[in-house]
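Colleague: Let me give you the structure first, and then I'll get to my questions.
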Amino acid sequence: MERGLPERPQSWQLCPRCGRELSSSSFATQCPDCGGLLELRHGPPRENGKALQVLFLARRGRPDALDASGVWRYRELVLPEASAEDVVTHPEGNTPLLVREAVSRWTGVEALLLKHEGHNPTGSFKDRGMTVGITQARRIGARAVACASTGNTSASLAAYASSAGLPALVFVPAGQVALGKLAQTLAYGAKTLLVRGDFDTCFALVREAAEKLNVYLLNSINPFRIEGQKTIVLETLEQLLFDPPDWIALPAGNLGNTSAFGKALKEASELGLIPRLPRLACIQAAGANPFARAFREGFARPHRVKAETVATAIRIGDPASLERAIAAIRLTRGVVTDVTDEEILEAKAVVDASGVGCEPASAASVAGVRKLAAEGVIRPTDRVVAVLTGHILKDPGLLLRYHQEAEPAPARANRPIEIEPVLSAVEALLTRWKS
Ligand code: F0G
């Protein structure tokens, strides 16, 4: 059997580990020869450099469904062979790049921008990968789709599968999913399995189920998801008029997003969209830090930990996309660090009180910027984009514990005050508040 494909189609799948090529319509998400994760390759677009920038910019604000999406606007680099009829879009993307002085001050980096992926339709960056994953599921005639999740992937999968009319099966760790995410997953209509185990257990189970029960796996090891998630970087670069920042900071769990960022930057550079590469700063929770541990040892060997952190989205001990995330760090001269739960909660309180708000895992990127700036890795004059991966309302349980219940009250807690229904009580409060 040929290892390469006989003719070069528009897009194909490649195992970077052993060089095996597969058609873009294959159901496989892993190399049948060596088990490596597959990636998608596309033929070069007609335009490159300045002309490609102009093409992407010109699509902004156009009304048709593909141009209205902050994913499909970049279709030449995502999935050029998908037709408008194929695509399942909400639309998604088009998320803001925010400046908040209070957050900049707290991190010690004046030129800090917040790329808020919580503005996606289901409240996290996962929608960018899912629009492509579900589009592909429909194109290849999948009978059902499945994922393991800490909550955001499952919410996104549930929503997009419903839009496409596909049955969805999700595996989540029982008792470990933030309230907003579980509520969304149920409401959008996915068959939801509360697995007695952690995320890593759920992931092993869904992989087995996908292989043996003929359902299409839509975790971030799926190369089509990665193509969609690349657009976080592409859209950010476009918002900066293709003048790249010095750093892009992001929270890291199963490492799909880190891989997507590396691939996007590599391609953007090769196509002449940007003159230089930003450095990636991947931030993990200290209790779920296998990638940070491996980085400290120069990636000499993979690590596996029993994960524990308040940032349940990144409570992952054995990341699936380690190999390609290492490539992303090497390509961009990136760094990987970790922050404690206390640092995550403080960063979150700062982001929330700035009026922006984000979920706990997202705040890890801001806490990480502060730590790297204090260490002198990020300079105070560097331009930094920190990605906020999820919306503040994803985890209302943690918010109420922090502000209302924690004893003693954390320094930034905003305790509610119960009063009798009389004006004098309000007046007394205002007098105390002013003094
Ligand atoms: N931030 C949020 C809000 C997430 O939900 C996730 C991952 C990450 C960061 C980390 O991204 O795994 O690609 O390194 N959530 C997955 C899920 C695991 O199931 O929703 P990663």
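The values are calculated or read from the model by the stated rules, or taken from the named source; none is laboratory data. Note that the structure is predicted; figures quoted are calculated from it, not measured. A quick note on method: Cβ atoms are made from the backbone with ideal geometry, for glycine too, and the neighbour counts reach across all protein chains shown. When the accessible area is computed, the model is the full protein with side chains, heavy atoms only, and any ligands, DNA or RNA have been set aside. Shrake-Rupley method; radii C 1.70, N 1.55, O 1.52, S 1.80 Å.
Colleague: Looking only at the stretch 124-133, which residues are of a type in the set (Gly, Ala, Ser) and either within 11 Å of the chain's Cα centre (by Cα) or away from the ligand (no atom under 14 Å from the Cβ) (or both)?
Modeller: 124, 129
Colleague: Which condition number in (1) more than 13 Å from the ligand (Cβ to nearest atom); (2) surrounded by fewer than 24 Cβ atoms within 10 Å (Cβ to Cβ); (3) not acidic (Asp, Glu) is the one that residue 292 fails?
Modeller: (1)
Colleague: Those residues that are part of a loop (DSSP other than H, G, I, E, B) and open to solvent by 10 Å² or more (accessible area, probe 1.4 Å), I need them from the stretch 358-388; list them, please.
Modeller: 375, 376, 377, 379, 380, 381, 383
Colleague: Quick test of your reading of the structure: residue 244 fulfils all but one of (1) free of Cβ contacts under 8 Å to residues at least 40 places away in the same chain; (2) out of contact with any Pro (no Cβ under 6 Å at 6 or more places or on another chain). Name the failing condition by number.
Modeller: Looking at each condition in turn, residue 244 falls short on (2).
Colleague: Considering every residue within the stretch 99-120, establish whether at least one is within 11 Å of the ligand (Cβ to nearest atom) and outside any loop (DSSP other than H, G, I, E, B).
Modeller: Yes - at least one qualifying residue is present in the stretch 99-120.
Colleague: Of all residues being in contact with a Pro (Cβ under 9 Å, 6 or more places away or on another chain) and charged (D, E, K, R) in the stretch 393-435, which is surrounded by the fewest Cβ atoms within 10 Å (Cβ to Cβ)? Just the residue, please.
Modeller: My answer is 395.
Colleague: Six or more apart or on different chains, Cβ atoms under 9 Å: show the pairs whose first residue is in the stretch 101-121 and open to solvent by 10 Å² or more (accessible area, probe 1.4 Å) and whose second is of a type in the set (S, T, N, Q) and in a loop (DSSP other than H, G, I, E, B).
Modeller: 101/354; 102/354; 106/354; 110/381; 111/381; 119/94; 119/95
Colleague: Can you list the strands (runs of 3 or more DSSP E) lying wholly within the stretch 1-97 that have 3 or more residues being open to solvent by less than 30 Å² (accessible area, probe 1.4 Å) and modelled with pLDDT of 95 or more?
Modeller: Where strands (runs of 3 or more DSSP E) fall fully within the stretch 1-97 and carry at least 3 residues being open to solvent by less than 30 Å² (accessible area, probe 1.4 Å) and modelled with pLDDT of 95 or more, they are 11-14.
Colleague: Given (1) open to solvent by 10 Å² or more (accessible area, probe 1.4 Å); (2) in a helix (DSSP H, G or I); (3) closer than 13 Å to residue 320 by Cβ, where does residue 254 come up short, assuming only one miss?
Modeller: So the condition that residue 254 fails would be (2).
Colleague: What tally of residues in the stretch 275-289 results from selecting those that are surrounded by fewer than 19 Cβ atoms within 10 Å (Cβ to Cβ) and more than 16 Å from the ligand (Cβ to nearest atom)?
Modeller: Residues that pass the stated criteria total 3.
Colleague: Separate question: Does the stretch 197-214 hold any residues that are surrounded by fewer than 22 Cβ atoms within 10 Å (Cβ to Cβ) and of a type outside the set (Gly, Ala, Ser), and which are they?
Modeller: Correct list: 198, 200, 201, 205, 207, 208, 211, 212, 213, 214.
Colleague: Right, something else. May I ask you to say which residue of 82, 137 is among the hydrophobic types (A, V, I, L, M, F, W, C) and in contact (Cβ under 8 Å) with a residue 60 or more places away in the chain?
Modeller: Sole residue among the options that is among the hydrophobic types (A, V, I, L, M, F, W, C) and in contact (Cβ under 8 Å) with a residue 60 or more places away in the chain: 137.
Colleague: Identify, please: which residue in the stretch 310-325 is within 13 Å of the ligand (Cβ to nearest atom) and part of a helix (DSSP H, G or I) and is, among those, surrounded by the fewest Cβ atoms within 10 Å (Cβ to Cβ)?
Modeller: Ranking the qualifying residues of the stretch 310-325, first place goes to 322.
Colleague: Right, another one. Could you identify the single residue in 323, 359 that is in contact with an Asp or Glu (Cβ under 8 Å, 6 or more places away or on another chain) and of a type in the set (Asp, Glu)?
Modeller: The match here is 359.
Colleague: Of everything in the stretch 21-64, what is basic (Lys, Arg) and within 21 Å of residue 325 (Cβ to Cβ)? Give them in sequence order.
Modeller: Within the stretch 21-64, 41 is the sole residue that qualifies.
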